[in-house]
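Everything below concerns the one structure shown next.
The values are calculated or read from the model by the stated rules, or taken from the named source; none is laboratory data. Note that the coordinates shown come from a computational prediction; the quantities given were computed from them, not determined experimentally. As a convention, Cβ positions derive from the backbone with ideal geometry for all residues, glycine included, and neighbour counts pool all protein chains shown.
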Amino acid sequence: MTGSYFKTSARSLMRNKLFSSINIVGLAVSMSVGLLLIAFVLDLRSYDKFHENGDRIYRITNVATFKGEQGSGKYSSTSLKTGKLIREKVTGIEEVVTIRNDFLQDARVGDNVLPIKGFWAEPSIFRMFTFPMLEGNPETALKDPYSIVLTETAAKKLFGNNSALGKSIKFDTIDYQVTGIMKDVPFFSHISFEALVSLSTARQLNKNDKNFEDWANMFSNSVYVMLPENADLASGRASIQSQLDAIAKEENLAEEKTKIRLELLPLHNIVVGENLHSGSMSGSSGPHMPPVVIWILGGLALVVILSACFNYTNLSIARAMRRFKEVGLRKAIGAQKYQIKQQFLAEAIMISLSALLLSFVLFLILRPQLINMAPEMQRTVKLNLTPAMVVAFVLFSVTVGIIAGIMPAVFFSKVSAINALRNVSSVRSFKPVTFRRALVVIQYTVTLIFITTTVVGYVQYKNILAFDLGFNTENILNINMQGNKPDAMVKELSEMPEVTAVSRSLIVTSVGNAWGGYMKYKDSRDSALVMTNNVDENYMPLHGYKLIAGGNFIGRPATGDGARELIVNQQFLKRFNIGNGDPAKAIGEEITFSNFKLNDHRMSIVGVMKDFHYGKVENLIEPVAFMFWTPENGAVVNAKIQSKDMMATMAKIESTWKNIDRVHPLKAEFYEESIEEAYSEFSTMIKIIGFLSFLAISIASMGLFGMVVFTTETRLKEIGIRKVMGASSGNLVYLLSRGFLVLLSISALIALPVTYLFFESFVLTRFPYHTPVQIFELFAGLLTVLIIAFIMIGSQTMKAARSNPVEVLKSE
């Protein structure tokens, strides 16, 4: 019976090559998106599955509330003290490990110098996580200070084919002993490193830092706990959570500015889980994808797939007249309803499986495009074919076939044999065409929303990149000194004729970087978190900041303790109510500043600058202060370049860099490129939606083409009679296309307001300084769809309108 279904389906597909081709190509194009999404999700779900104890491992999450609102929220990091207190006070835990993630130093072995990135870690990391050791004792390898475990690749980079175990590596002026060699960390691990250094080393190096193990010093450490093997995970988590709450309650009593709550996050929910704070101040490590993004991408892919399924349903029902007698004969010889359903479902599944072969070819073509869409994507997924992926693809194809075929199957199974064999027009279920029209309206509404969203999103993205930040970014090259002193670089750049100005800063603002501390006015108890940047006296003129009162820095202190001058923005004065609205009155006023380096450091305002965007455009302008850059700060060298041959100029700068640092490659980026990178997520989403828009309009156009072909074929005799009666080609084109144009108009009336409200009420509310959606942005997508629709409709209707009525009517 099953074989009969497939034979019959194959014959039907071969008899109707055009419609079969439209369905197969439409499904293949849409299914390729589904295959990409399946591969993407399977890769994300593969993270950390290689750990044998993964189901029992949890990471401690900090829910931090800072005085004021800035920065409050959930963090993937916590303090060293948290790990220590959990080890001492929490019961029901088999293992605890603390990892510190700021180890990035140059390793020197003889004349070989290479940068090594890793973590400071406790010995228990090898008992908790499955990181197999090739050489050395995992129990003692990270016990003593200045001991280091290398991955296999890192060991070969430093020592070649010689055994690295027991050898010494010099970091700065200190020798570290290699106490172990472990296998390379798998790609699908949220913790990625080249080396592990004993945490006792970090404690030794920071023994004079009184804030190193503070409860609130939470931005560079991760703490993991592992429950006992046979423990009830639900009750165990509840017990541990109550103990964590008790620890946080006790520690928060001593904190004035920061309140912290500790939570448990399962290991397998780290990559695909809650959206936690990340950035320069966060200890977040490894890739992360919020579930909402996967749901959004899944929803978009489903919409495209349903569009192809609508094509199948529309064309199948439209071709009903040609299939009724077939169904009637089947029923006359005893076929039951379920058998008719199985016949049409088998046909749909055959088309879907045929489409799978083509969609897999498209998947292979599109896979590298998706991976290379953003640098973060390359570090997150591989999309390599696996047995699980193949099974998922086949199941997905069968599911799509069932979804596409279910409506035609139900439709034809309800047809009675007598009506089908007597007169098609008497079939009651066939008379209303409302359902088919509704599908066309839905399909084109979705297509219009996709296209309009792409156009509006692209325009808004370009407006963001061109937004006036309050200072100049044109032709400014920011060079990360990577721990090197900037003086030599500044001197060399100053002597280049192409470099018109040079300055130094701690960070690059307006791209998501943040630095700051708490400030208060005079002896007031009211303090607020203020974003800061350490800059030299050349920074503001180079970037074109506008001073509205006071002047530039006067003193040039050698240390942070000696820095006593502040240049603040207008929002700073409003926040602390300084000068009663007169910036000139703020000059000389005293401010107390404190962060993790300086405590209650008294400073005075020497200048007031016009407000500018310290953060991204989605952030409101908030209080900002500039302090003087000192040699103890990290350095970014800012160079203003005026050159007719930018490639040659960059080659000169790179040559200069190699004379200063032979180990690290030059890290230099133009300010405008950094701003583009800061909004890369936005641009990536626009690319994805744009790609889906292209697919949606392609699929809808193929479906429309099929419907127009069918309509013109079934109305050829009517067209011939009308031509004999004197109808012009223009009248016939209008007659044939009128119904489709009405449906497209209805789609536009639905899609354009929905898109406008979506952007104005949801998307653009994130951007307080956005430009309103313009009318031309909405109608650009509609114009595109109408042009394509006119081509599809016009090409066939004109062909039918120009047909010779004698040839059509000669058989009547």
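Checking residue 177 against (1) among the polar types (S, T, N, Q); (2) assigned to a strand (DSSP E or B); (3) under 39 Å from the mean Cα position of the chain (by Cα), which test does it fail?
(3)
Considering only residues that are crowded, with 17+ Cβ neighbours inside 10 Å and at negative phi, which ones fall in the range 146-156?
Across the range 146-156, the qualifying residues are 147, 148, 149, 150, 151, 154, 155.
Answer yes if at least one residue in the range 41-60 is closer than 30 Å to residue 348 by Cα and either part of a strand (DSSP E or B) or of a type outside the set (A, V, I, L, M) (or both), and no otherwise.
Looking for residues that are closer than 30 Å to residue 348 by Cα and either part of a strand (DSSP E or B) or of a type outside the set (A, V, I, L, M) (or both), one finds at least one in the range 41-60, hence yes.
When the range 666-696 is examined, which residues are found to be modelled with pLDDT of 90 or more, assigned to a helix (DSSP H, G or I) and either of a type in the set (A, V, I, L, M) or more than 30 Å from residue 656 (Cα to Cα) (or both)?
675
Can you go through 86, 99 and tell me which one is closer than 14 Å to residue 124 by Cβ, under 28 Å from the mean Cα position of the chain (by Cα) and at pLDDT 90 or above?
Going through 86, 99 in turn, just one is closer than 14 Å to residue 124 by Cβ, under 28 Å from the mean Cα position of the chain (by Cα) and at pLDDT 90 or above: 99.
Pull out all pairs, ordered by first then second residue, where Cβ-Cβ is under 7 Å, the residues are six or more apart or on different chains, the first lies in the range 678-696 and is assigned by TED's automatic domain parsing to the domain that holds residue 514, and the second is acidic (Asp, Glu) and not in a helix (DSSP H, G or I).
none
From the list 433, 390, pick out the single residue that is surrounded by fewer than 16 Cβ atoms within 10 Å (Cβ to Cβ), hydrophobic (A, V, I, L, M, F, W, C) and at pLDDT below 85.
Going through 433, 390 in turn, just one is surrounded by fewer than 16 Cβ atoms within 10 Å (Cβ to Cβ), hydrophobic (A, V, I, L, M, F, W, C) and at pLDDT below 85: 433.
Go through the range 44-65 and count every residue that is surrounded by 20 or more Cβ atoms within 10 Å (Cβ to Cβ) and either free of Cβ contacts under 8 Å to residues at least 60 places away in the same chain or of a type in the set (A, V, I, L, M) (or both).
Matching residues across the range 44-65 total 3.
Does the range 158-170 contain any residue that is over 26 Å from residue 267 (Cβ atoms) and part of a helix (DSSP H, G or I)?
yes
Residues that are over 28 Å from residue 674 (Cβ atoms) and modelled with pLDDT of 90 or more: list the strands (runs of 3 or more DSSP E) wholly contained in the range 561-621 that include at least 1 such residues.
Where strands (runs of 3 or more DSSP E) fall fully within the range 561-621 and carry at least 1 residues being over 28 Å from residue 674 (Cβ atoms) and modelled with pLDDT of 90 or more, they are 590-594, 601-609.
Look at the range 206-235 and say how many of its residues are farther than 17 Å from residue 81 by Cβ and under 34 Å from the mean Cα position of the chain (by Cα).
Within the range 206-235, residues that are farther than 17 Å from residue 81 by Cβ and under 34 Å from the mean Cα position of the chain (by Cα) number 4.
When residue 134 is evaluated against the numbered criteria (1) closer than 15 Å to residue 107 by Cβ; (2) surrounded by fewer than 21 Cβ atoms within 10 Å (Cβ to Cβ), which criterion, by number, is the only one it fails?
Failed condition: (1).
Could you please let me know if residue 469 is at pLDDT 90 or above, hydrophobic (A, V, I, L, M, F, W, C) and surrounded by fewer than 22 Cβ atoms within 10 Å (Cβ to Cβ)?
When the stated conditions are applied, residue 469 passes them.
Looking for whichever is closer than 24 Å to residue 286 by Cβ and either outside the structural domain of residue 263 (by TED's automatic domain parsing) or hydrophobic (A, V, I, L, M, F, W, C) (or both) here; the options are 155, 164. Which one fits?
Going through 155, 164 in turn, just one is closer than 24 Å to residue 286 by Cβ and either outside the structural domain of residue 263 (by TED's automatic domain parsing) or hydrophobic (A, V, I, L, M, F, W, C) (or both): 155.
Can you tell me which residue among 181, 169 is under 20 Å from residue 101 (Cβ atoms) and touching a helix residue (DSSP H, G or I) at 6+ places or on another chain (Cβ under 7 Å)?
That would be 169, the only listed residue that is under 20 Å from residue 101 (Cβ atoms) and touching a helix residue (DSSP H, G or I) at 6+ places or on another chain (Cβ under 7 Å).
Return the only residue of 711, 765 being under 46 Å from the mean Cα position of the chain (by Cα), modelled with pLDDT under 85 and either within 26 Å of residue 700 (Cβ to Cβ) or in the same structural domain as residue 20 (by TED's automatic domain parsing) (or both).
Of 711, 765, the one residue that is under 46 Å from the mean Cα position of the chain (by Cα), modelled with pLDDT under 85 and either within 26 Å of residue 700 (Cβ to Cβ) or in the same structural domain as residue 20 (by TED's automatic domain parsing) (or both) is 711.
List the pairs whose first member sits in the range 552-575 and is hydrophobic (A, V, I, L, M, F, W, C), whose second member is surrounded by fewer than 19 Cβ atoms within 10 Å (Cβ to Cβ) and in a helix (DSSP H, G or I), and whose Cβ atoms are under 7 Å apart, counting only residues at least 6 apart or on separate chains?
573/579
Confirm whether residue 118 is within 20 Å of residue 212 (Cα to Cα), of a type in the set (Gly, Ala, Ser), assigned by TED's automatic domain parsing to the domain that holds residue 226 and touching a Leu at 6+ places or on another chain (Cβ under 9 Å).
Yes; evaluated as a whole, the condition is true for this residue.
In the range 98-112, which residues are surrounded by 15 or more Cβ atoms within 10 Å (Cβ to Cβ) and either assigned by TED's automatic domain parsing to the domain that holds residue 484 or among the aliphatic types (A, V, I, L, M) (or both)?
Answer for the range 98-112, where residues must be surrounded by 15 or more Cβ atoms within 10 Å (Cβ to Cβ) and either assigned by TED's automatic domain parsing to the domain that holds residue 484 or among the aliphatic types (A, V, I, L, M) (or both): 99, 107, 109.
Would you check if residue 754 is more than 22 Å from residue 709 (Cβ to Cβ) and modelled with pLDDT under 85?
no
Of the conditions (1) of a type in the set (A, V, I, L, M, F, W, C); (2) modelled with pLDDT under 75; (3) within 30 Å of residue 599 (Cα to Cα), residue 254 satisfies every one except a single condition; which number is it?
(2)
Can you run down the residue pairs with Cβ atoms below 6 Å, 6 or more apart or on separate chains, where the first is in the range 486-505 and in the same structural domain as residue 644 (by TED's automatic domain parsing) and the partner is of a type outside the set (Gly, Ala, Ser) and exposed (fewer than 14 other Cβ atoms within 10 Å of the Cβ)?
500/642
Taking the range 671-693 as the region of interest, how many residues are of a type in the set (Gly, Ala, Ser) and either in contact with a Pro (Cβ under 7 Å, 6 or more places away or on another chain) or over 24 Å from residue 468 (Cβ atoms) (or both)?
2
If I go through the range 553-575 residue by residue, how many of them are surrounded by 16 or more Cβ atoms within 10 Å (Cβ to Cβ) and in contact with a Phe, Trp or Tyr (Cβ under 8 Å, 6 or more places away or on another chain)?
Number satisfying all stated conditions: 8.
Of everything in the range 348-387, what is within 15 Å of the chain's Cα centre (by Cα), of a type outside the set (Val, Ile, Thr) and surrounded by 18 or more Cβ atoms within 10 Å (Cβ to Cβ)? Give them in sequence order.
The answer is 370, and nothing else.
So is residue 567 touching an Asp or Glu at 6+ places or on another chain (Cβ under 8 Å) and hydrophobic (A, V, I, L, M, F, W, C) or not?
no
Mind listing just one residue for me: the one in the range 576-596 that is charged (D, E, K, R) and in contact (Cβ under 8 Å) with a residue 40 or more places away in the chain and, of those, surrounded by the fewest Cβ atoms within 10 Å (Cβ to Cβ)?
Checked the range 576-596; the qualifying residue surrounded by the fewest Cβ atoms within 10 Å (Cβ to Cβ) is 590.
Conditions tested, residue by residue: (1) at pLDDT below 75; (2) in contact with a Leu (Cβ under 9 Å, 6 or more places away or on another chain); (3) assigned to a helix (DSSP H, G or I); (4) within 17 Å of residue 715 (Cβ to Cβ).
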residue: 735; (1), (2), (3), (4): no, no, yes, yes
residue: 740; (1), (2), (3), (4): no, yes, yes, yes
residue: 760; (1), (2), (3), (4): no, no, yes, no
residue: 770; (1), (2), (3), (4): no, yes, no, no
residue: 773; (1), (2), (3), (4): no, yes, no, no
residue: 788; (1), (2), (3), (4): no, yes, yes, no
residue: 797; (1), (2), (3), (4): yes, yes, yes, yes
